[in-house]
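Beneath this line is the structure, given in structure tokens, with notes to follow.
The values are calculated or read from the model by the stated rules, or taken from the named source; none is laboratory data. None of these values were measured; they are calculated from a predicted model. Methodologically, a virtual Cβ is constructed for each residue, glycine included, from the backbone with ideal geometry; neighbour enumeration extends over all protein chains shown.
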Amino acid sequence: METKRKDIPVVNFFDEVITAHIDAYYKKGKFYDYYTDKEIKLREDDLTTLKGVIVRIVAPLHNIDDENYQVHSQKHEERIMKKGEYLFFGMDYKKENKSFEFKIDLVEDLWVEKIGNKLSKLKTCKCIVADGTEKHGNSSINNFQPIVCNSLNHAFTRTSIKYRPENASHTCNAFKTFRTKDGNIIDCLR
């Protein structure tokens with residue numbers, strides 16, 4: 001089914017700009033679509049920034065010229081939370097119509113690593129799934145045992161396996177799943 005340009009919204013449900021992924025090659029100062037071999041030309045409209053249309057180019061690092069290499073290869077680490085602080089995450093178990101809320105105690109500082117202008121990635125961080133409640137009725141989980149983990153993703157996976165054993169997947173995007181005591185997702189901290 002073909003979608004007409006006028007029917008495509010600018011942003012999605014999460015207020016993220018809807019984008020296209022274009023496989024391209026660069027030759028003699030121009031970008032060409034990998035599949036059609038046609039030069040890539042972008043339209044400007046009322047939503048275009050003052051600098052022009054913003055694009056993200058993914059290129060092999062060894063092909064970036066010396067003038068830009070340092071900017072795109074530099075590694076930076078930043079602490080986003082201190083040891084002793086805590087986070088929360090929830091998970092639904094649809095098979096039994098249950099929702100859980102868990103508290104994570106940070107045993108170590110929580111750091112992110114950023115290379116160039118890529119999105120930050122979480123570093124490992126010892127933590128403990130310290131408490132769990134069932135959302136319906138706000139009752140504590142019977143015989144809850146703390147779960148010691150090496151990272152936030154590890155904490156989610158081990159907790160999911162224990163409390164949602166039949167789920168097909170036990171993974172998450174930690175930046176979108178874990179929340180601070182103020183209720184903000186940690187994506188806001190990177």
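I need the full set of residues from segment 37-53 which are within 27 Å of the chain's Cα centre (by Cα) and loosely packed, with under 10 Cβ neighbours inside 10 Å, in order please.
Of everything in segment 37-53, those that are within 27 Å of the chain's Cα centre (by Cα) and loosely packed, with under 10 Cβ neighbours inside 10 Å turn out to be Leu47, Thr49, Lys51, Gly52.
Determine whether segment 87-107 contains at least one residue that is among the β-branched types (Val, Ile, Thr), at pLDDT 85 or above and in the same structural domain as Asn150 (by TED's automatic domain parsing). Explain how you work it out, then say what you get.
Filtering segment 87-107 down to residues among the β-branched types (Val, Ile, Thr) leaves 104, 107.
So of that shortlist, the ones also at pLDDT 85 or above come out as 104, 107.
Of the ones still in play, those that are also in the same structural domain as Asn150 (by TED's automatic domain parsing) are 104, 107.
There is at least one residue in segment 87-107 that is among the β-branched types (Val, Ile, Thr), at pLDDT 85 or above and in the same structural domain as Asn150 (by TED's automatic domain parsing).
Mind listing whichever residues of segment 79-93 are part of a loop (DSSP other than H, G, I, E, B) and under 18 Å from the mean Cα position of the chain (by Cα)? Spell out the reasoning first.
The initial filter retains those residues of segment 79-93 that are part of a loop (DSSP other than H, G, I, E, B), namely 82-85.
If the condition is that a residue be part of a loop (DSSP other than H, G, I, E, B) and under 18 Å from the mean Cα position of the chain (by Cα), then no residue fits.
Give the residues of segment 18-32 that are part of a strand (DSSP E or B), among the charged types (D, E, K, R) and either out of contact with any strand residue (DSSP E or B) (no Cβ under 6 Å at 6 or more places or on another chain) or at positive phi (or both), sorted by residue number.
Within segment 18-32, just Lys27 meets the criteria.
Taking the condition within 30 Å of Pro60 (Cα to Cα) and β-branched (Val, Ile, Thr), does Val107 pass? So that I can check it myself, show each step before the final result.
On the way: within 30 Å of Pro60 (Cα to Cα): no; β-branched (Val, Ile, Thr): yes.
Judged against the criteria, Val107 is not a match.
Name the single residue that is modelled with the highest pLDDT among those in segment 109-139 being polar (S, T, N, Q) and closer than 19 Å to Cys149 by Cβ. Walk me through it before giving the result.
From segment 109-139, those polar (S, T, N, Q) are 117, 120, 124, 133, 138-139; that's our starting set.
Going one step further and asking which of them are closer than 19 Å to Cys149 by Cβ, we end up with 124, 133.
Numbers: Thr124: 96, Thr133: 89.
Taking the candidates together, the pick is Thr124.
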Boolean, Lys181 is surrounded by fewer than 16 Cβ atoms within 10 Å (Cβ to Cβ), assigned to a helix (DSSP H, G or I) and touching a strand residue (DSSP E or B) at 6+ places or on another chain (Cβ under 8 Å): no
Condition check for His76: modelled with pLDDT of 85 or more, assigned to a helix (DSSP H, G or I) and over 30 Å from Thr159 (Cβ atoms): no
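Yes or no, residue by residue, for (1) surrounded by 10 or more Cβ atoms within 10 Å (Cβ to Cβ); (2) within 18 Å of the chain's Cα centre (by Cα):
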residue: Pro60; (1), (2): no, no
residue: Gln74; (1), (2): yes, no
residue: Lys95; (1), (2): yes, no
residue: Asp105; (1), (2): yes, no
residue: Phe144; (1), (2): yes, no
residue: Phe156; (1), (2): yes, yes
residue: Tyr163; (1), (2): yes, no
residue: Ala168; (1), (2): no, no
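If we scan segment 166-178, do we find a residue that is part of a loop (DSSP other than H, G, I, E, B), in contact (Cβ under 8 Å) with a residue 24 or more places away in the chain and more than 29 Å from Val58 (Cα to Cα)? Before the answer, list the steps.
Here is the first cut: in segment 166-178, the ones part of a loop (DSSP other than H, G, I, E, B) are 166-173, 178.
Subset that is in contact (Cβ under 8 Å) with a residue 24 or more places away in the chain: 166-167, 172, 178.
Now restrict to residues that are more than 29 Å from Val58 (Cα to Cα): 166-167.
Scanning segment 166-178 turns up at least one residue that is part of a loop (DSSP other than H, G, I, E, B), in contact (Cβ under 8 Å) with a residue 24 or more places away in the chain and more than 29 Å from Val58 (Cα to Cα).
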Residue list for segment 156-174, filter: touching a helix residue (DSSP H, G or I) at 6+ places or on another chain (Cβ under 9 Å) and under 19 Å from Lys126 (Cβ atoms): Phe156, Cys172, Ala174
Search result, residues across segment 107-129 that are crowded, with 16+ Cβ neighbours inside 10 Å and assigned to a strand (DSSP E or B): Leu110, Trp111, Val112, Leu122, Cys127, Ile128, Val129
Pairs with Cβ under 7 Å, 6+ apart, first in segment 139-151 and without any contact (Cβ under 8 Å) to a residue 60 or more places away in the chain, second small (Gly, Ala, Ser): Ile141/Gly132; Phe144/Gly132; Pro146/Ala130; Ile147/Ala155; Cys149/Ala155
